[in-house]
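Worksheet: one structure, shown below.
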2 protein chains.
Amino acid sequence: MLLSWLEDPNADDLVAFLNDELRQPGRWLQVAGEMEVEYHGRAASMADAGDYLLILKPDASLQIHAARGIKPLNWQPQVDDVHVMQDGGRAVLHAERRSPAEWVRVAFLDAAYAVAMEPRDHGTRVLQGSEADMQRALAANPDVIEEGLEVVDVELPVEVGGIDLMGRDRDGRWVVVELKRGRATHEAVHQLERYVRHVRTLVDGAVRGILAAPAVTEPARNQLHGLDLEYVEVDALPAPPAEVEQTGLFEPAGLTQDVES
Amino acid sequence: MLLSWLEDPNADDLVAFLNDELRQPGRWLQVAGEMEVEYHGRAASMADAGDYLLILKPDASLQIHAARGIKPLNWQPQVDDVHVMQDGGRAVLHAERRSPAEWVRVAFLDAAYAVAMEPRDHGTRVLQGSEADMQRALAANPDVIEEGLEVVDVELPVEVGGIDLMGRDRDGRWVVVELKRGRATHEAVHQLERYVRHVRTLVDGAVRGILAAPAVTEPARNQLHGLDLEYVEVDALPAPPAEVEQTGLFEPAGLTQDVES
DNA sequence: ACATGAATATTGGAT
DNA sequence: ATCCAATTTTCATGT
């Protein structure tokens, strides 16, 4: 991964560097240091001077991270125009998005470093344990939900939304199944209730509603019972996550380190 | 912002560097280069070798970014333990979280650089235009929703959830108001319908339901009408976002640059 | 620790 | 372009 970089640049050098690099396609930039950040658009925010990390990716997404949290302090999923200029002796970056109309302005008070990378094509990524995976697995093997259950439809669109699994139990009753990959809340119960109520207007005979999830919140479980709906415990992942000790691969040869919290 | 850094380190140097820096509290680390990333926990994922950016913040949050998108490829909001070690000639970082049990493993195939920063205390940040702001503004000035509306309660907890605004109109009828800071969808309509239905079981007389948002999706609007509920357009931000041209502050002295997409 | 609901949610898919 | 639903959602705020 080619890269060029600047340490502790002054405003002139930083402006020149950024303008230079932004002219090249495919660049991935990072600038760290003391900044002020302002945003106007879907909301509006203003951050006083602080030490932040600005990331500008080759896909023209921008994010500014503070020293804590997963989520950026400010961001823009798609930057349509970016300008870098000098303003009052400071390097200033202005990123604009057309739709929705919004902009982020970063004033660099004291840049610690700036890096421009040129990443090669990234590798592929596979993810297991999504709700779609669950749906596929359960559609192929409905017995996990209930002995004798037959799946008739998957992601069946009805007026009030999409029914995850539609089936018939061993007694021929219709069964509406709502899936959640995580702990199901009362929202999931409301969804299921809506679907069941809707299906009851469409078909004759009994209609059962089953919430299938690895866990339910206590209030949700109570609501379920009150509405005469059912809960079945279903895991999102086929196998439980392997522990470090179980794999045996990652025994620390280096230092064992507890992270500060 | 103090920092130390390494360019194009070999496995030994990277392991030593990371172990060294992780021992210090308050460090903010970034490592860029070719990596393999594996995750097991709430889900499971595996990313082939690719150019990524790993960020380990002083609050013990970890994220690994690919060259596109706002969201990281992998992350961990709270790392309880990290180990850095050598494995088959590669530097390997293993980050573990206890609850929920999950881990991320990063194998560095070709690190381009590693930086350790020590950020000072960050500045303060103010955000305008949240739903809470909307709620406050409308509670203080309900005429924006409707002439003569009187707000009786804010965030009123009822069995089926929390009612954003509860009021009475000029004719003394109860009014349930559901707020959305963005475009309201059919989910908001369902929420409002639930609240209105519930309130009707609690009080005598007519109960109106109003969805207050800057916009509604077309299906949601149709559902509203079908349920005899109402929509009022309300902006989340007091003033529209200022354009670059309007401020006059950010005229590019530097290069005007269109970002590649 | 658990539950709840907002978020500049982002992201991918369907229409 | 719009709408919809999942997300390892994260995050703040209650209880």
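The values are calculated or read from the model by the stated rules, or taken from the named source; none is laboratory data. From a predicted model like this one, the values you see are computed outputs, not experimental measurements. Note that we place each Cβ from the backbone using ideal geometry, even for glycine, and neighbour counts take in every protein chain shown.
Every residue in segment B:16-29 that is within 7 Å of chain A (Cβ to nearest Cβ) and either free of Cβ contacts under 8 Å to residues at least 60 places away in the same chain or in a helix (DSSP H, G or I) (or both), please.
B:ASN19, B:LEU22, B:ARG23, B:PRO25
Can you tell me which residue within segment A:30-63, out of those that are part of a strand (DSSP E or B) and touching an Asp or Glu at 6+ places or on another chain (Cβ under 6 Å), is surrounded by the most Cβ atoms within 10 Å (Cβ to Cβ)?
By that ranking, first place goes to A:GLY33.
Got a sec? Which of B:VAL92, B:VAL106 is more than 27 Å from the chain's Cα centre (by Cα) and either in contact (Cβ under 8 Å) with a residue 12 or more places away in the chain or away from DNA strand D (no atom under 16 Å from the Cβ) (or both)?
B:VAL92
For the list (1) in contact with a Leu (Cβ under 6 Å, 6 or more places away or on another chain); (2) farther than 18 Å from A:ASP8 by Cα; (3) surrounded by fewer than 20 Cβ atoms within 10 Å (Cβ to Cβ), I need the number of the one condition that A:ALA66 fails.
Checking A:ALA66 against (1) in contact with a Leu (Cβ under 6 Å, 6 or more places away or on another chain); (2) farther than 18 Å from A:ASP8 by Cα; (3) surrounded by fewer than 20 Cβ atoms within 10 Å (Cβ to Cβ), the one that fails is (3).
Hey, among B:PRO25, B:PRO9, B:PRO77, B:PRO58, which residue is under 23 Å from the mean Cα position of the chain (by Cα) and away from DNA strand D (no atom under 12 Å from the Cβ)?
Selected residue: B:PRO58, the only one of B:PRO25, B:PRO9, B:PRO77, B:PRO58 that is under 23 Å from the mean Cα position of the chain (by Cα) and away from DNA strand D (no atom under 12 Å from the Cβ).
Is it true that some residue in segment A:190-212 is aromatic (Phe, Trp, Tyr), at pLDDT below 95 and surrounded by 15 or more Cβ atoms within 10 Å (Cβ to Cβ)?
For segment A:190-212, residues aromatic (Phe, Trp, Tyr), at pLDDT below 95 and surrounded by 15 or more Cβ atoms within 10 Å (Cβ to Cβ): present.
Kindly establish whether B:GLY129 is touching a residue at least 24 places away in the same chain (Cβ under 8 Å), at the interface with chain A (Cβ under 10 Å from one of its Cβ atoms) and of a type outside the set (D, E, K, R).
yes
Starting from residues that are of a type in the set (Asp, Glu) and within 16 Å of DNA strand C (Cβ to nearest atom), keep the ones in segment A:131-155 and report whichever is farthest from B:ARG42 (Cα to Cα).
Out of the qualifying residues, it is A:ASP153.
Would you confirm, using the coordinates I've provided, whether A:VAL151 is over 30 Å from A:GLY162 (Cβ atoms), of a type in the set (A, V, I, L, M) and either without any contact (Cβ under 8 Å) to a residue 24 or more places away in the chain or in a strand (DSSP E or B) (or both)?
When the stated conditions are applied, A:VAL151 does not pass them.
In segment A:112-121, is there at least one residue being closer than 28 Å to A:GLN63 by Cα and at pLDDT below 95? Write out each step before concluding.
Let us first name the residues in segment A:112-121 that are closer than 28 Å to A:GLN63 by Cα, namely A:112-121.
Next, only the ones that are at pLDDT below 95 stay: A:120-121.
The answer is yes, given that some residue of segment A:112-121 is closer than 28 Å to A:GLN63 by Cα and at pLDDT below 95.
Using beta carbons and a limit of 7 Å, which pairs, at least six apart or on different chains, have the first residue in segment A:156-169 and in the same structural domain as A:LEU192 (by TED's automatic domain parsing) and more than 16 Å from DNA strand C (Cβ to nearest atom) and the second one of a type outside the set (A, V, I, L, M, F, W, C) and at pLDDT 95 or above?
If the second residue must be of a type outside the set (A, V, I, L, M, F, W, C) and at pLDDT 95 or above, the pairs left are A:LEU165/A:GLN135; A:GLY167/A:PRO142; A:GLY167/A:GLU150; A:ARG168/A:GLU150; A:ASP169/A:GLU146; A:ASP169/A:GLY148; A:ASP169/A:ARG208.
Might you let me know whether segment B:226-235 holds any residue that is in a strand (DSSP E or B), free of Cβ contacts under 8 Å to residues at least 60 places away in the same chain, out of contact with any Phe, Trp or Tyr (no Cβ under 6 Å at 6 or more places or on another chain) and under 19 Å from B:ALA132 (Cβ atoms)?
Scanning segment B:226-235, I find no residue that is in a strand (DSSP E or B), free of Cβ contacts under 8 Å to residues at least 60 places away in the same chain, out of contact with any Phe, Trp or Tyr (no Cβ under 6 Å at 6 or more places or on another chain) and under 19 Å from B:ALA132 (Cβ atoms), so the answer is no.
Before we move on, is A:LEU227 surrounded by 16 or more Cβ atoms within 10 Å (Cβ to Cβ) and among the hydrophobic types (A, V, I, L, M, F, W, C)?
Judged against the criteria, A:LEU227 is not a match.
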